[in-house]
Amino acid sequence: MSDQKSSLANIILSRRTIHNFKNDSVPDKKIILDAIGQACWAPNHHLTEPWHFYLLEKETITSICELNREMLISTKGTEAAEKKYQRWMSIPGWLVVTCQISEDEIRYQEDYAACCCAIQNLMLLLWEQGIGTKWSTGPVVRDDQFYDLVWVNKEIEHVVGIVWYGYPAEIPQTVRKSVNQITTELP
Ligand SMILES: Cc1cc2nc3c(=O)[nH]c(=O)nc-3n(C[C@H](O)[C@H](O)[C@H](O)COP(=O)(O)O)c2cc1C
């Protein structure tokens, strides 16, 4: 068998969470919207299409960065909070992804799973075009004020994460366990 990897495998294997973006260029919004449209062809039990994507602009981004700074002042101190504020303000692209809440626990689990599939699709589609992403779920996304800033009703939608995007300034390395370590063959 050939050891050559498919282009899909290469994209999956080379995608990394990007922590440092080039802050002088923001990817074209059309690329992002096209990728969102394609990402939503993720598997989705009962075809509930539970996801929603919020594309943030400067005003909302600044408010979120300010909120995060405020939250960090009490836990990490003023200097660290300001540093994080500056860092977040330099991130070029911001998306917030939500999942529709369901009273049925199984349905919610399946909807959340579908949203995660869509986010991975989105990250791979962007990576294919040289755009890096970071899926972030820090404490700020659970704060009521965050929901207000992105105009999301906490009773109706749950924030699955912020997806930051942009052209990578550096690509980190990481590792995974071997297939043997994570696989059990049963009779
Ligand atoms: C649901 C979810 C939440 C994540 N939240 C964070 C986060 O808050 N901060 C962070 O640095 N990375 C976050 N990540 C990214 C992971 O840390 C990252 O995927 C992991 O380190 C493996 O690196 P890789 O994506 O480059 O393979 C999150 C990933 C997932 C799937």
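Here, each number is a calculation from the coordinates, and none is a lab measurement. Everything numeric in this text was worked out from a predicted model, so none of it was measured. Positions of Cβ are backbone-derived with ideal geometry, glycine not excepted, and every protein chain shown enters the neighbour counts.
If you check each cysteine of the chain for another cysteine whose beta-carbon is under 4.7 Å away, which ones come up empty?
Singleton cysteines: 40, 65, 116, 117.
Nearest 20 debye, what's the magnitude of the dipole of the chain about its Cα centre given +1 on Lys and Arg Cβ and -1 on Asp and Glu Cβ?
Once rounded to the nearest 20, the dipole reads 840 debye.
Using a basic spin-label model with each label point 7 Å from the Cα along Cα→Cβ, how many nm lie between residue 101 and residue 45?
2.1
What is the distance in Å between the Cα centroid of the stretch 109-164 and that of the stretch 47-104?
10
Pick out, from 156, 14, 117, the residue whose Cα sits farthest towards the positive end of the charge dipole of the chain, with +1 on the Cβ of Lys and Arg and -1 on the Cβ of Asp and Glu.
Ranked along the dipole, the leading option is 14.
Please determine, in degrees from 0 to 90 and to the nearest 10, the orientation of helix 78-89 with respect to the longest principal axis defined by the Cα atoms of the chain, where the helix direction is its Cα long axis.
Approximately 60 degrees, to the nearest ten.
With respect to the cross-link table entries 58/154; 30/134; 22/134; 58/84; 134/154; 29/84, which display a Cα-Cα separation exceeding 21 Å?
Result: 58/154; 134/154; 29/84 exceed 21 Å.
Using the per-residue mean of other Cβ atoms lying within 10 Å as a proxy for protection, in what order, highest first, do the peptides 177-184, 37-44 fall?
37-44, 177-184
If we sort 91-98, 52-59, 73-80 on the protection proxy, mean other Cβ atoms within 10 Å, highest first, what's the order?
91-98, 52-59, 73-80
Dividing the alpha-carbon radius of gyration of the stretch 37-181 by 2.2 N^0.38 Å (N being the number of residues), what value is obtained?
Relative to the 2.2 N^0.38 Å estimate, the stretch 37-181 comes out at 1.14.
Taking 8 Å as the Cα distance limit and 6 or more residues as the minimum spacing, I'd like the relative contact order of the chain as a percentage.
35
For the stretch 56-69, take each phi angle, set θ = phi - 60°, evaluate the Karplus expression 6.51 cos²θ - 1.76 cosθ + 1.60, and give the result in whole Hz per residue in order, putting x for glycine and proline.
Per residue, the Karplus-derived 3J(HN,Hα) values read 9, 10, 3, 4, 5, 4, 4, 4, 5, 4, 5, 4, 5, 4 Hz.
Say we join alpha carbon atoms closer than 10 Å with springs in a Gaussian network model of the chain; which of 69, 107, 16 then has the biggest fluctuation?
Among 69, 107, 16, the largest GNM mean-square fluctuation belongs to 107.
Give me a comma-separated list of calculated 3J(HN,Hα) values for the stretch 126-134, in order, Karplus coefficients 6.51, -1.76, 1.60 applied at θ = phi - 60°, integers in Hz, x for any Gly or Pro.
Calculated HN-Hα couplings, in order: 6, 4, 4, 9, x, 9, x, 9, 9 Hz.
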